[in-house]
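Reading through the structure tokens given below for one structure.
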Amino acid sequence: MQKLTSLEIRNRFIEFFQEKEHLKISGSSVVPKNDPTLLFINSGMAPLKKYFLAKEEPPHPRLVNFQPCIRTKDIDDVGDRHHLTIFEMLGSWSIGDYYKEKAVELAYELLVDRLGFDKNSLYVTVYEGSKELNLDPDNISAKAWERVGIDPSHIIHLGEDNFWGPAGETGPCGPCTEVFYDCGDDFGPAWKPGDEFDTTKRYIEIWNAGVFMELNKNADGTFSSLPLKSVDTGSGLERMAMIMNGLESVYETDLLKPLLDLCLKLYKLDMQTSRMLTDHLRAAAFIISEGVGPSNEGQGYIPRRLLRKCIAALVKGKIDKVDFSPVLEKTIEILSPIYPQLKSNSEFIFHQINTEISDFMPIVKKGLEKIDQSIKELKGDIFPGEVAFDLVTTFGLPLDVIKSELQSRNVSLHEEDYEKAYAKHRSVSRVVKSATGEGGASDEKIEEALKGIALTKFSGYEKMEDKGTILKTFHRGEEIEEVKNNEEFLFACDQTPFYAESGGQSGDKGHVTTSTGKAEVLDTMKFGKIHLHKAKVLTGSIKSNQEAELIVEKSLRVQTRNNHSATHLLHSALHAVVGKHALQKGSAVNHERLRFDFQNNSALTEEQIENIENLVNQWIRDNSGGEIEEVEYNEAIKSGALALFGENYEEKVRVVKFGKNSVELCGGTHVSSTGEIGLFVITAESSVAKGIRRIEAVTGAAAFNLIQKRSRILKKASMLLASKPEELVESISQLKKKSKEKKKSTEAVSSSDVQYLENRNLTLNNRAKFMMARLDKDRDSLKTLGDQIIDKGEQDILTLVGVEESSVRTFVWVKKELSKKVNASDLLKKILKPIEGKGGGKPFFAQGGGSNIQDVSKMFDLVENGELTKWFEERI
């Protein structure tokens, strides 16, 4: 067996299948596109489901690629020989082409003849069949393996382990045949017929040589036959490198060993923890590079979970300063030649991870303190599941950190109670947007009807008027031949100038005319690679198979185009002013305005907003020409083009460039030069979610109209205040100041001349002065008076009570230096008890009240009868 680097193994795999007439395609983002059944891409075939389901025609019946995959179910197994959260899958596919025999022949040829594996060290598993699924044993694959040269005693029939899929809750699946390498006697006893086949120590899977896709798992759990039979193969690159180089674990391969060595050197923790750090930091960096920052839900929960496990491990290891920078730098160095987004998004990666460290450090320390406190209160050695669940959900402490801490103290977790709390809390909801707006059932009918028709040729980059043939028409989800006056419908053409909603840009509107009628196009949307036009018949009727004249509403397209180009300039300006971590998280562009969501932990300052606005307008005035070209994806990324990660890009991508300021991958429509945008004005900056900010803006005529409107308001305000526009701010400040002074003069009560209705005083511990007094004034007056008394040092602890209509208001102040001993909230609760009142606040100020005004005197009795004195003595 040859010893090869991971790069050599990857190249040999791809080249072998290209030689066997397979087309090399690009891997996809690990963030799924339009697949709500997956959190992340977890297999090479996951992005290709549309081909197996015959929803789209593949670019070639035989395909090959390499695909980064995230397996969240393996997170808790990381640290052993071969489990990883993120790994690279080498994959090949036959879609409706060759099947089992050919798949086995190709697998054997690559492993034995090309890579030099000893066939006597190979074991293969095949499906033993299932009566429940009405599936026969896979004797075809077994005989094929025997025919190519595998010892029959090395062919093992297994059950559900050899039925793969789907890659999500629903989708293509089928029986499979897997190849295992015998690592030898050092890793356990040899397998004998009748024994359980060990797949974790001695026998390591190196290739799923064929998932034979013939079934589709439906949402109700049933299976139906696929329209065509296909083959899906997959080999984990890290495992293959481990076996081919005779290594103990995947962490000794050239992809992971430099990271493991660095973790061992920097953090000096045990091997299993160091392996966990190696994997988790690599996985978190990769996920974040695709634009998914840490968060409490959805995809963002995974990088948060991974990072918090790493942070907690270091805190538990008594490492005071948590710094992952050296490991992240090495990760980027190793992976970026193949996955360039790691390098181009490195600032974003470091920003997100360092923010997570600073946010979680106090949490993990509090969590460990909470465990310590809870253990002291235990009456046995079983830790309550409910408390553990609270630590996970409220404190954000990972469960394995909790278990590890308990284990070190000889305490067990009540697993059953934890699972009950988890089950009660768990709620998963997924929303799938209807592609047509007519609902899922209608979408399925339309999808079925669109199978086999020509993909739409989009001519809208070059022109806004074109001719096309109407291929299909739909009314209320049903395919029909003719649509009559005033009816709304959907139609697809062989070619169209209408841009379909995608990439944040809204769909075009306009008109379609045929020999029998005219319709208004209300919207345009994508259904796979087919453009569907939503329209309403204005006159006559529209029929299938008619030639149609398609005219885009030019004014709307131009304004939308201007706004879209402005978002590109805005993205670049954000990077220049805020930082390169400010990556796009979403956008919406139409003819009226633009909306742009980006990653940032805090609100933009007025200065930043102004600088961004100025920069975008400077680039507009520069009138830089728009350059658009199609290049290879990796070439575009290496050249510095920004990609919206989470999108799936083809081998060839469209790069939109404006001077030296903006270079992005984009399929939208754009201006030919930045001067066409005219003007850019930011109208709002706000929060969308934690760590996500939103800018809203207008351009061109809409921006000019907004400035005119603001100018009119400014002039009117100047006239009302008899002030010049440039002096308006000062005039308003003076007006507010006079108003405040007037309010103070009429409402404020001076502490020197106030006449209390009741008044009690105490001297506490011969130094602290306490006063409790009643004054039936409004809330603001009481608050102002109390602040004044405390600020002047007239009292150290103060309670003011006021009765207004049918309620009692009570305020408590405690000087900050005393508040550690006497808590204002606790004192308030004590004083409100006679009137059964409620309230709360901070250690130095609290407020509350009640409705039992007849018992107010009992509050003051607390001073008279010495109860309050005793309460103070216990604390001071």
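The values are calculated or read from the model by the stated rules, or taken from the named source; none is laboratory data. Being a predicted model, the structure only gives us computed values, none of them experimental. Reconstructed Cβ throughout: ideal geometry from the backbone, glycine too, with neighbour counts over all protein chains shown. Just so you know, the surface numbers come from the protein's heavy atoms only, side chains and all, with ligands and any DNA or RNA stripped out. Shrake-Rupley method; radii C 1.70, N 1.55, O 1.52, S 1.80 Å.
Details
- Largest first, the residues M271, M859 sort by 1.4 Å accessible area into M271, M859.
- Extension gain, S130 to D780, is 226.2 nm, computed as 0.36 nm per intervening residue step minus the present C-alpha separation.
- Reachable lysines, given that their alpha-carbon falls under 21 Å from the alpha-carbon of K318 and they are not under 8 places away in the same chain: K265, K268, K309, K365, K366, K370, K403
- Placing unit charges on the Cβ atoms only, positive for Lys and Arg and negative for Asp and Glu, gives the range 812-876 a dipole magnitude near 380 debye about its Cα centre.
- Heavy-atom accessible surface of the chain, averaged per residue, reaches 48 Å², computed with a 1.4 Å probe.
- Site pair Y756 and I628 shows an inter-label distance of 7.9 nm when each label is modelled 7 Å from Cα along Cα→Cβ.
- Span from the the range 290-331 Cα centroid across to the the range 82-101 one, whole angstrom: 30
- Set of the range 92-136 residues, backbone N closer than 15 Å to the point 7 Å along the Cα-Cβ line of T200: none
- Separation in nanometres of the label points that stand 7 Å from Cα toward Cβ, at S325 and L455: 4.6
- Distance-filtered residues of the range 93-117 - backbone nitrogen under 20 Å, label point 7 angstrom along H60 Cα→Cβ: 93-100, 102-111
- Dipole magnitude of the chain about its Cα centre (Cβ charges: Lys, Arg +1; Asp, Glu -1), debye to nearest 20: 3700
- Neighbourhood charge, 15 Å Cβ-Cβ cut-off, centred on D80 and excluding it, Lys, Arg +1 and Asp, Glu -1: -4
- Bridging of K829 to lysines at a Cα separation below 22 Å is possible for K769, K777, K783, K815, K816, K820, K821, K838, K842, K858, K870, once same-chain residues fewer than 8 apart are set aside.
- Greater than 25 Å apart at Cα, pairs in K554/K638; K20/K73; K3/K102; K467/K585; K24/K330; K49/K451: K554/K638; K20/K73; K3/K102; K467/K585; K24/K330
- Neighbourhood net charge (12 Å Cβ-Cβ; Lys/Arg +1, Asp/Glu -1) for I206: -3
- Antiparallel %, DSSP beta bridges [both residues in the chain], to 5: 90
- Separation between Cα centres of the range 137-190 and the range 12-80, rounded to whole Å: 20
- Under the combined filter of DSSP loop state and at most 11 neighbouring Cβ atoms within 10 Å, the range 344-415 retains these GluC sites (Glu not before Pro): E377.
- The candidate values were [x] 32.9; [y] 27.7; [z] 30.9; the one computed from these coordinates for Kirkwood radius over Cα pairs in Å carries the label [x].
- Note on the chain: helix-only mean residue ellipticity at 222 nm, from DSSP H runs of 4+ residues weighted -39500 (n - 2.57) and normalised by residue number, equals -11000 deg cm²/dmol.
- With each label modelled as a point 7 angstrom along the Cα→C-beta vector, the L522-R710 pair spans 3.6 nm.
- In loop segments of the range 350-402 as defined by DSSP, the trypsin sites (Lys or Arg not before Pro) with at most 16 further C-beta atoms inside 10 Å of their C-beta are K379.
- Spin-label zone in the range 575-613 - amide nitrogen under 17 Å from a point set 7 Å from the Cα of A689 along the C-beta vector: 582-588, 596-602
- Ordering P61, A107, S544 by Cα displacement along the dipole of the chain toward the positive end leaves S544 in first place; charges were set at the Cβ atoms of Lys, Arg (+1) and Asp, Glu (-1).
- Qualifying trypsin sites (Lys or Arg not before Pro) in the range 517-615, where qualification requires a DSSP coil assignment and no more than 15 other C-beta atoms within 10 Å, comprise K529.
- Charge-dipole axis of the range 166-301 as Lys and Arg at +1 and Asp and Glu at -1 on Cβ define it, positive-most pick from P175, F197, L264: L264
- Full extension of the segment from T5 to D185, taken as 0.36 nm per residue of separation minus the current Cα-Cα distance, would add 62.2 nm.
- Full extension of the segment from E805 to I363, taken as 0.36 nm per residue of separation minus the current Cα-Cα distance, would add 154.6 nm.
- Listed residues A535, V521, F598: farthest to the positive end of the dipole of the chain (Cβ charges): F598
- Sites Q272 and E160 - FRET efficiency at Förster radius 22 Å, r taken between beta-carbons, to 0.05: 0.15
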